[in-house]
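Here is the structure we will look at, set down as structure tokens.
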Amino acid sequence: MAAAQVAFRAALGRIRFNKAAQLAVVTQGFTNIALLGLVTSDQIKQVCKLTRENAGNPVPINIIQQQLLLAMRHWVINRQRLGLEVNAADFTAVTAYEQSQLMVRLQEDDAAADKEVVAKMPDKFKQPSQWKVFAELMETYLSQLKGCGRVPLNYVIRKIAIPVPGTIFATEEEQAVAIAPLTGDQYNKDNAKVYGILKQLCLEGPGRSYILDFDRVKNGRGAWLAMHNHYEGDSFRNHSKDEAYSVLDYLHYEGEQKGFTFEKFVEKHNECFLELSRHNEPVYEEKKVRDFLNRINAQELQAAKQQVKCDANMSSNFQAAANFFALSVIPAKQSSRYVAAANTDWISPTGRGGRGKGGRGNNGRQGGGGRGHNQSKGRGNYQNRGHGRSSGGQGRGGRSGGNNTGYYTDEEWAALTREQRDSILEARGTKRNVGSIETDDGEPTPTANDGAATNANTNETTGAGNEFGCRSRQRSQNYIGMLYSSLRQTTNLAE
């Protein structure tokens with residue numbers, strides 16, 4: 001006990017406490033450094049105040065000395081929380097300043113934490129195939145939550161309960177997660193909190209049967225390890241490795257395609273290599289590159305393959321080889337659609353417009369087509385709704401930018417020039433070099449070159465819809481409504 005008190009007073013001396021101040025602190029009952037872990041920071045401040053204001057023998061303790069004494073208490077509590085030995089000789093002046101700065105930073109972080117957005121909880125675990133992603137998300141989520149001892153909650157589900165002695169840690173937080181004790185009141189509270197989170201995420205999925213056995217004691221670590229041992233056990237691990245190798249065997253690159261690009265090709269390789277590495281079966285870099293080259297069949301990358309084989313660095317570095325190939329990849333061609341410009345130079349001599357294509361606007365439907373006569377009202381052109389049923393343009397069934405190949409009345413056909421008729425007949429595919437044929441009555445029969453004959457033929461071969469359309473009104477007098485009647489002879493009944 002005397003040695004512990006001497007060591008404690010020596011530690012107080014390293015933070016600028018004189019002998020009188022050291023004795024005053026010891027007089028308050030702190031006979032060794034470990035006892036500082038039994039009181040709060042407010043009680044430490046009270047000890048310093050009593051020492052300064054002692055009526056019989058006041059001892060001056062300034063604000064810096066008080067802060068360094070609080071830093072000593074913080075150091076003691078952290079080591080006790082992590083199960084480390086508390087030795088007064090290990091608390092140096094440098095340690096005191098570091099712990100003091102850490103205290104200030106933690107206080108500022110606590111103030112800012114109230115304004116920060118709470119970390120998002122992972123999605124529920126509903127499929128065994130989701131385990132890999134779920135486990136990583138769970139680890140990340142718990143690392144953002146602090147436990148009772150200000151240690152990230154992912155220490156509860158760490159794989160190694162006791163780290164290997166002599167392990168070197170990169171940060172204090174990593175050390176805290178690795179060595180935080182898995183016993184005690186603080187751990188029990190954190191363990192129950194982790195179980196509550198796991199139950200919310202796994203109760204509706206395949207993990208239900210593994211966690212409910214720990215429901216009574218709220219053992220989060222036990223529930224997590226039960227799922228981990230199953231989904232990362234030998235049988236499941238072998239299945240995952242076989243699946244990774246199967247994917248690698250199936251992969252082949254034939255060139256850029258819409259659903260499978262070179263970037264996706266490389267991404268699939270990395271995913272499989274990562275999965276194999278997780279199960280302690282890493283692939284050598286030389287084998288990665290060699291198999292990668294064998295899976296590339298695109299002609300434009302054959303020269304790049306030879307360069308990689310001849311380069312010592314790329315032939316033994318998968319990522320370097322993949323980056324080099326990416327420079328030679330030819331992007332996939334974007335599909336495009338060519339739309340010819342509408343030709344509205346030719347106008348029907350009667351002004352009869354056609355039904356064009358496109359939006360509504362000022363001069364008929366797109367391409368200059370529209371219904372109606374010159375200067376009349378109708379549907380407009382392009383993008384805006386306007387006035388006028390378009391003058392000119394193409395007729396029914398006509399092509400945008402070409403002559404009308406649809407129906408013409410006799411008056412319209414007669415008004416066309418010879419060139420226009422020939423152009424229409426060629427577009428219809430009905431123009432033939434056949435001379436006129438003379439009938440028994442001496443009247444010449446119209447040939448295919450004659451517009452009237454072709455136009456009449458168009459009338460006869462048009463669709464059945466014309467029986468109910470405008471052409472039904474153009475039938476001869478032999479029709480009574482929709483019925484055809486033979487010629488009738490009237491008789492005078494008066495005779």
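The values are calculated or read from the model by the stated rules, or taken from the named source; none is laboratory data. Note that this is a predicted model, so its numbers are computed, not measured. So basically every Cβ, Gly included, is an ideal-geometry build from the backbone, and we count neighbours across all protein chains shown.
Descriptive notes on the structure:
- Identity of the residue in the stretch 128-159, surrounded by 14 or more Cβ atoms within 10 Å (Cβ to Cβ) and of a type in the set (Gly, Ala, Ser), that ends up modelled with the lowest pLDDT: GLY149
- Contacts under 8 angstrom Cβ, first residue in the stretch 147-174 being farther than 24 Å from GLY222 by Cβ, partner of a type outside the set (A, V, I, L, M), 6 or more apart: PHE169/GLN175; GLU173/PRO152
- For the stretch 1-32, the set of residues classified as of a type in the set (Lys, Arg) and either in contact with a helix residue (DSSP H, G or I) (Cβ under 7 Å, 6 or more places away or on another chain) or not in a helix (DSSP H, G or I) (or both) consists of ARG9, ARG14, ARG16, listed by residue number.
- Residue count for the stretch 175-211, restricted to those that are under 17 Å from HIS228 (Cα atoms) and either over 37 Å from the mean Cα position of the chain (by Cα) or basic (Lys, Arg) (or both): 2.
- Among (1) buried (at least 18 other Cβ atoms within 10 Å of the Cβ); (2) farther than 30 Å from ALA178 by Cβ; (3) out of contact with any Lys or Arg (no Cβ under 9 Å at 6 or more places or on another chain) - the single one MET72 does not satisfy: (2)
- Residue tally, condition surrounded by 14 or more Cβ atoms within 10 Å (Cβ to Cβ) and either assigned to a loop (DSSP other than H, G, I, E, B) or in contact with a Cys (Cβ under 7 Å, 6 or more places away or on another chain) (or both), over the stretch 160-188: 5
- Given (1) at pLDDT below 85; (2) farther than 30 Å from ARG237 by Cβ, index of the condition ASN313 fails: (1)
- Odd one out for THR27 among (1) more than 58 Å from the chain's Cα centre (by Cα); (2) crowded, with 21+ Cβ neighbours inside 10 Å: (2)
- Any hit, the stretch 192-211, residues being within 30 Å of GLN80 (Cβ to Cβ), of a type in the set (Gly, Ala, Ser) and either in a helix (DSSP H, G or I) or touching a Pro at 6+ places or on another chain (Cβ under 8 Å) (or both): yes
- Across the stretch 42-69, the number of residues qualifying as under 17 Å from ARG9 (Cβ atoms) and without any contact (Cβ under 8 Å) to a residue 12 or more places away in the chain comes to 0.
- Any hit, the stretch 246-253, residues being assigned to a loop (DSSP other than H, G, I, E, B) and either modelled with pLDDT of 85 or more or more than 28 Å from the chain's Cα centre (by Cα) (or both): yes
- Close pairs from the stretch 176-190: first more than 17 Å from ASN219 (Cα to Cα) and in the same structural domain as VAL217 (by TED's automatic domain parsing), partner of a type in the set (Val, Ile, Thr) and buried (at least 16 other Cβ atoms within 10 Å of the Cβ), Cβ under 6 Å, at least 6 apart: ALA176/VAL151
- Output for the stretch 259-289, where each listed residue is within 17 Å of PHE324 (Cβ to Cβ) and without any contact (Cβ under 8 Å) to a residue 12 or more places away in the chain: GLU267, ASN270
- Close pairs (6 angstrom Cβ cut-off, 6 or more residues apart or separate chains): free of Cβ contacts under 8 Å to residues at least 24 places away in the same chain in the stretch 26-40, β-branched (Val, Ile, Thr) and part of a helix (DSSP H, G or I) anywhere: GLN28/VAL47
- The set of residues from the stretch 248-273 being more than 21 Å from TYR284 (Cα to Cα) and hydrophobic (A, V, I, L, M, F, W, C) comprises PHE260, PHE262.
- Verdict on ARG79 being within 25 Å of GLN186 (Cα to Cα), modelled with pLDDT under 90 and either assigned by TED's automatic domain parsing to the domain that holds ILE179 or part of a helix (DSSP H, G or I) (or both): yes
- Subset of the stretch 414-430 (residues that are within 57 Å of the chain's Cα centre (by Cα), among the small types (Gly, Ala, Ser) and either crowded, with 18+ Cβ neighbours inside 10 Å or under 14 Å from ASN404 (Cβ atoms) (or both)): SER423, ALA427
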